[in-house]
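Trainee: Following this message is one structure expressed as structure tokens.
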Amino acid sequence: MAKSVEIEKLALSIETAESAELSACLGAALGERFGAREDRPFSILAREENDALIGGVNGLTHWGWAYVRHLWVAESRRGQGLGARLIGEAERLARHRGCVGVYIDTFEQRVAAFYERLGFARAGEIADFPPGHSRIFLSKHFQ
């Protein structure tokens, strides 16, 4: 015989922005279990002499790893080594901050191959995200 459990009534709401309160609660719970996250953002920008942005990396370090959130190189500057140089600088910064590695993701197979040439290894993939494509996760553990 199934046991009957009364469920309390809850007030649920749908918001149009992320909840800072929810983030704080999860952050506190994760901090208790895994230690403080200590997010430290970084940005590495490449500019021409006229100050035009030609490439850059945005990311953060946390829990002993660096996450490269964005890597962008101007179309006219691709294939000239700038992307590799930017990733190299992100790795240097990560080592300086005491990180054990870098992780990154992409939606493009050719970009994943670029990261693999730089020593990254595929760590996972979500098929059909976005529809018709895949989201590829890669990591590089420093030796």
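Computed from the coordinates by the stated procedures, all read-outs in this text should not be read as laboratory data. A quick note: this is a predicted structure, and the numbers were derived from the prediction, not measured. No Cβ is skipped: glycine too gets one built from the backbone with ideal geometry, and neighbour counts run over all protein chains shown.
Trainee: Condition test on Glu38, is it out of contact with any Cys (no Cβ under 7 Å at 6 or more places or on another chain) and on the phi < 0 side of the Ramachandran plot? So that I can check it myself, show each step before the final result.
Mentor: On the way: out of contact with any Cys (no Cβ under 7 Å at 6 or more places or on another chain): yes; on the phi < 0 side of the Ramachandran plot: no.
Spelling it out, it is not the case that Glu38 is out of contact with any Cys (no Cβ under 7 Å at 6 or more places or on another chain) and on the phi < 0 side of the Ramachandran plot.
Trainee: To continue, here is another question. Of the numbered conditions (1) in a loop (DSSP other than H, G, I, E, B); (2) under 29 Å from Glu116 (Cβ atoms), Glu15 satisfies every one except a single condition; which is it?
Mentor: Against the list (1) in a loop (DSSP other than H, G, I, E, B); (2) under 29 Å from Glu116 (Cβ atoms), Glu15 comes up short only on (2).
Trainee: Restricting the first residue to region 88-102 and requiring it to be acidic (Asp, Glu), which pairs with a second residue that is surrounded by 15 or more Cβ atoms within 10 Å (Cβ to Cβ) meet a Cβ separation below 6 Å and a spacing of at least six or different chains?
Mentor: Glu89/Ile44; Glu91/Val102
Trainee: Let me ask something else. Restricting to region 103-126, name every residue that is touching a Ser or Thr at 6+ places or on another chain (Cβ under 6 Å) and touching a residue at least 24 places away in the same chain (Cβ under 8 Å).
Mentor: Across region 103-126, the qualifying residues are Tyr103, Ala112.
Trainee: Can you pull out the residues in region 107-143 that are hydrophobic (A, V, I, L, M, F, W, C), assigned to a helix (DSSP H, G or I) and out of contact with any Lys or Arg (no Cβ under 9 Å at 6 or more places or on another chain)? Walk me through how you get there before you give the answer.
Mentor: Applying the first criterion (hydrophobic (A, V, I, L, M, F, W, C)) to region 107-143 yields 107, 111-114, 118, 120-121, 123, 126-127, 129, 136-138, 142.
Now narrow it down to the ones that are assigned to a helix (DSSP H, G or I): 111-114.
Answer for region 107-143, where residues must be hydrophobic (A, V, I, L, M, F, W, C), assigned to a helix (DSSP H, G or I) and out of contact with any Lys or Arg (no Cβ under 9 Å at 6 or more places or on another chain): Val111, Ala113, Phe114.
Trainee: Could you list all residues from region 18-37 that are over 17 Å from Gly64 (Cβ atoms) and either assigned to a loop (DSSP other than H, G, I, E, B) or among the β-branched types (Val, Ile, Thr) (or both)?
Mentor: Initial filter on region 18-37 (over 17 Å from Gly64 (Cβ atoms)): 18-26, 28-29, 32.
Across region 18-37, the qualifying residues are Glu18, Ser19.
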